[in-house]
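The values are calculated or read from the model by the stated rules, or taken from the named source; none is laboratory data. As the structure is a computational prediction, the values presented were derived from the model and not from experiment. Every residue, glycine among them, receives a Cβ derived from its backbone with ideal geometry; neighbour counts consider all protein chains shown.
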Amino acid sequence: MSTMGSAVIHNNRISFIEKALNKQGSVLAIRHWEPASFYEIDLHLPGVKMHQWQTPPHIKCRVAPYHYRDYTPARWNADTSTCTLFIDAAHQGTGSLWASQLRPGDVFNYIGIDGSHQHVKQDAHLVMLGDQSAIGHFNALQQLASSYSWISGMVILPETTHRKHFVQAFPELPLETIASPETLLAQLEALPLHASWQYYLAGNSHLVEALRKLLKARGCASAQIQAQGFWK
């Protein structure tokens, strides 16, 4: 068999597998923050059992042929099978391009939804620390937490307008908005810590590791820290 023939069969096989695994929803609405490097995408996902979600879910989105990115559905409504993706598109990449080109009414393709490794400790003080790629994740944690949980923390948003918008958009998520990783680490260095608090770290993998090391150096036990890196 010729090399060209093998390539054609290989491509058809991948295409068939991708189609066989594919699930579909629809894009209901899209909002972007100014400047337009952050997107809120409302989805309808029929058949998804959102009432069973016990940890922040991650959905594997098809952003291009044979390319998938994990994003966190948040603000879900199990009765209507709707949710929102919060996508940081400040850096160049296939996922950022996909988010910028979506329009209401588009078909939304994905291949599955899994839970994350982070579990909410109910009725505790939850301290969330991360960057803007973790906004959806932090929203999901807040939604899963009981009404008796106390939430605080810090999130990095380099754009001044984004920091102002975050405060207005998420009154139920009382996180301090920070301009840079250096400022976040410096403020964490001076932040009072407590043995009963739970620390949820998410976002850039290097930032998450730096936060984890700082908390450990300041005496936090491993059981208090739940860390999840999303990108490098």
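Just to be sure, is residue 93 at pLDDT below 95, under 12 Å from the mean Cα position of the chain (by Cα) and surrounded by fewer than 18 Cβ atoms within 10 Å (Cβ to Cβ)?
Here the answer is no, as residue 93 does not meet what is asked.
Under the condition of being small (Gly, Ala, Ser) and either modelled with pLDDT under 95 or more than 16 Å from residue 201 (Cβ to Cβ) (or both), which residue from region 146-185 is nearest to the chain's Cα centre (by Cα)?
Ranking the candidates gives 169 first.
Any chance region 105-127 includes a residue that's touching a Pro at 6+ places or on another chain (Cβ under 6 Å) and closer than 18 Å to residue 172 by Cβ?
No, region 105-127 contains no residue that is touching a Pro at 6+ places or on another chain (Cβ under 6 Å) and closer than 18 Å to residue 172 by Cβ.
For region 154-212, which positions are small (Gly, Ala, Ser) and without any contact (Cβ under 8 Å) to a residue 60 or more places away in the chain? Spell out the reasoning first.
If we filter region 154-212 for residues that are small (Gly, Ala, Ser), which is where we start, we get 169, 179-180, 186, 190, 195-196, 202-203, 205, 210.
If the condition is that a residue be small (Gly, Ala, Ser) and without any contact (Cβ under 8 Å) to a residue 60 or more places away in the chain, then 169, 179, 180, 186, 190, 195, 205, 210 are the ones that fit.
What about residue 101, is it exposed (fewer than 15 other Cβ atoms within 10 Å of the Cβ) and free of Cβ contacts under 8 Å to residues at least 24 places away in the same chain? Before you say what the answer is, go through the steps one by one.
On the way: exposed (fewer than 15 other Cβ atoms within 10 Å of the Cβ): yes; free of Cβ contacts under 8 Å to residues at least 24 places away in the same chain: yes.
In short, yes.
Only residues that are of a type in the set (Asp, Glu) and farther than 29 Å from residue 87 by Cα: list them for region 184-232, please.
Taking region 184-232 first, the residues of a type in the set (Asp, Glu) are 189, 209.
Within region 184-232, no residue meets the criteria.
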